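Visitor: Starting off with a structure, shown below.
Please treat every number below as a calculation from the coordinates, not as lab data. Treat the numbers as computed from the prediction; the structure is a model and nothing was measured. FYI the Cβ positions are ideal-geometry reconstructions off the backbone, even for glycines, and counts take in every protein chain you see.
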Amino acid sequence: MDWLDLIERSARPLPWAEGEKIPWNEPGFSERMLKEHLSQAHDAASRKAEQIDRQVQWMHAEVLKGQPAAILDLGCGPGLYLERLARLGHTCTGIDFSPASIAYARRQAAENHSASQYRQDDLRSADFGSGYDLALLIYGEFNTFRPAEAQDILKKAHAALRPGGSLLLEVHTLAAVEMLGSEAASWYTSRSGLFSVRPHLCLQENFWYAQSLTAVTRFFVADLESGAVTPYGQTLQGYADDAYQSLLEECGYEDIRFYPSLTGKPDPGQELLFVIESKRRDA
């Protein structure tokens, strides 16, 4: 792609048509994303250590009642939550699409002498296994999947839980998805960053689709030395609160509870997300 292609781009990309092009599993991109996960300068990829500590303590004390549990983290990243949970006596398994994050999580498990297991896989096609007391899907990752894919992930998580096991979802508010899709176009330059290790210009534009409740973000990353332009994109699916509840009920969950954050109470800076705890319903 070059600058002329950029000028002739589609005015409004359809949801998902250009929104699945961020290469989370590409080795170089994965390594750069890992740096963002581990950064304590921001919480764009993962939360800062102090906040994760508080959230893990809430999961341990309030969700798991301080009892040892088998935990499955869907989209575990570099294992920042699971290694803390393992130190509290839980048996942990993580699945993530990023090879660099999984490699880092495995190194941390070895250094911590924990029995945590990590597997690189795509949640849409992965086998989740069975016998878990708690499944996690946090930090808004649920909203990155098409509705049919999200439903399938909920059903697989249900099958992976023991009778009475819990699912902990952290999802975007509908207002947050609309706000993202309504943001004005923007740009920045960088000598090296998430999209490239070379000097580049990144152009970003966002689109909100009220009928489908989707936000599309597309990025055009221009190499400042060669002039080559690489497109990336992401689509987020929004849901009203009652739609989340209906979807969980359809997928076999009950005793559905809403919390403002992963500490069980309002948490400054986390207003764009909220938490849903539900339990596996058995016929």
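Visitor: Please give every one of the aspartates and glutamates within straight-line cross-link reach of LYS65, meaning a C-alpha to C-alpha distance under 13 Å, and leave out same-chain neighbours fewer than 8 residues apart.
Guide: ASP133
Visitor: Test of understanding: ordering ASP5, ASP242, ASP96, ASP267 by Cβ neighbours within 10 Å, fewest first, what list do you get?
Guide: Working: ASP5 11, ASP242 8, ASP96 27, ASP267 18.
Fewest-to-most ranking of ASP5, ASP242, ASP96, ASP267: ASP242, ASP5, ASP267, ASP96.
Visitor: Considering only Cα-Cα distances, which of the following residue pairs are longer than 24 Å: LYS35/LYS279; LYS48/LYS265; LYS155/LYS279?
Guide: LYS35/LYS279
Visitor: Hey, could you grab the Kirkwood Rh for the stretch 205-283? Inverse mean 1/r over distinct alpha carbon pairs, Å, one decimal.
Guide: Result for the stretch 205-283, one decimal place: 15.9 Å.
Visitor: Another one. Would you mind working out the magnitude of the charge dipole of the chain relative to its Cα centre, with +1 at each Lys and Arg C-beta and -1 at each Asp and Glu C-beta, to the nearest 20 Debye? Write down the numbers at each step before the final one.
Guide: Details: 27 positive and 39 negative charges, 132 e Å.
Here the chain has a charge dipole of around 640 debye.
Visitor: Would you calculate, for the chain, the mean residue ellipticity at 222 nm contributed by helices, counting each DSSP H stretch of 4 or more residues as -39,500 (n - 2.57) and dividing by all residues, to the nearest 500?
Guide: Calculated from helices alone, the mean residue ellipticity at 222 nm is -8500 deg cm²/dmol.
Visitor: Still on this structure, please answer the following. Would you mind ranking SER101, SER166, SER39 so that the residue whose beta carbon has the fewest other beta carbons within 10 Å leads the list?
Guide: Least crowded to most crowded, the residues run SER39, SER166, SER101.
Visitor: Return CYS76, CYS202 ranked ascending by Cβ neighbour count within 10 Å, so the fewest neighbours appear first.
Guide: Fewest-to-most Cβ neighbours within 10 Å comes out as CYS202, CYS76.
Visitor: What is the sum of charges around LEU174, taking Lys and Arg as +1, Asp and Glu as -1, for the other residues whose C-beta is under 11 Å from the C-beta of LEU174?
Guide: Around LEU174, the surrounding residues sum to -3.
Visitor: In whole angstrom, note down how far apart the Cα centers of the stretch 159-201 and the stretch 32-50 are.
Guide: Value for the Cα centre distance between the two parts: 13 Å.
Visitor: How would you classify the stretch 33-111 from its alpha-carbon gyration tensor, with a ≥ b ≥ c the square roots of the eigenvalues: rounded for a/c under 1.5, else prolate if a/b is greater than b/c, otherwise oblate?
Guide: In terms of gyration-tensor shape, oblate.
Visitor: Quick check: from the Cα gyration tensor, does the stretch 136-260 come out rounded (a/c under 1.5), prolate or oblate?
Guide: In terms of gyration-tensor shape, prolate.
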